[in-house]
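Presented below is the structure to which this report refers.
The values are calculated or read from the model by the stated rules, or taken from the named source; none is laboratory data. Here the structure is a predicted model, which is why all the values come from computation and not from measurement. Neighbour counts are summed over all protein chains in view; Cβ atoms, including those assigned to glycine, are modelled from backbone coordinates with ideal geometry. Quick note on the areas: whole protein, heavy atoms, side chains included, nothing else; ligands and nucleic acids left out. Shrake-Rupley method; radii C 1.70, N 1.55, O 1.52, S 1.80 Å.
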Amino acid sequence: MLIAIASDHGGFELKEKVKEHLRERNVKFVDLGTNSTESVDYPVYGKACAEAVASGKAERGIVICGTGIGISIAANKVKGIRCGLCTSVEMAKLTRQHNNANMLAMGGRILETETAFAIVDAFIDTQFEGGRHKRRTDMLDEMA
Ligand code: RB5
């Protein structure tokens, strides 16, 4: 699995830690920025990561801003993206099982590092359940 990862300045520090966690798990990733804590605009990075996933260049995406809210809104504007903003492992499991989320959003100013790592693990390791959930994700994919 190749994961595209991106953040704004509010998510930069957590992004760097998540990259290290992915390395330890031997999960391949491509970092689409930002590259420092200098202030940048989260829509740029949410869009770039979402386009990498929607085009098939990456299988999944992880985006991080201060809260996770702005960058998840940006990602979800790209057709084919189902980006789940998660603050717990339960949410990460359910957004894979029910929403077939192809992107995960997290808040760098919200989450403890170990919680973020556990959320990333659940996002990577949990399978979509299909069935009635497929009908609903098909409806999502028909929008916009
Ligand atoms: C940046 O200060 C902050 O607004 C951004 O990281 C994010 O939290 C927006 O939703």
Practice prompt. Would you be able to say whether some residue in the stretch 18-32 is out of contact with any Gly (no Cβ under 7 Å at 6 or more places or on another chain), within 16 Å of the ligand (Cβ to nearest atom) and assigned to a helix (DSSP H, G or I)?
Written response: yes
Fill in: Pairs, first closer than 12 Å to L2 by Cβ and touching a residue at least 60 places away in the same chain (Cβ under 8 Å) in the stretch 18-29, second open to solvent by 20 Å² or more (accessible area, probe 1.4 Å) and in a strand (DSSP E or B), C-beta under 6 Å, six or more apart
L22/F29
Worksheet entry | Subset tally (residues that are crowded, with 24+ Cβ neighbours inside 10 Å, out of contact with any Cys (no Cβ under 8 Å at 6 or more places or on another chain) and under 16 Å from K15 (Cα atoms)) for the stretch 46-64 | 2
Worksheet, complete the sentence: When V40 is run through (1) away from the ligand (no atom under 11 Å from the Cβ); (2) touching a helix residue (DSSP H, G or I) at 6+ places or on another chain (Cβ under 6 Å), the failure sits at (1)
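Taking the conditions exactly as written (within 16 Å of the ligand (Cβ to nearest atom), in a loop (DSSP other than H, G, I, E, B), without any contact (Cβ under 8 Å) to a residue 40 or more places away in the chain and open to solvent by 60 Å² or more (accessible area, probe 1.4 Å)), does T67 satisfy them or not? So that I can check it myself, show each step before the final result.
On the way: within 16 Å of the ligand (Cβ to nearest atom): yes; in a loop (DSSP other than H, G, I, E, B): yes; without any contact (Cβ under 8 Å) to a residue 40 or more places away in the chain: no; open to solvent by 60 Å² or more (accessible area, probe 1.4 Å): yes.
No.
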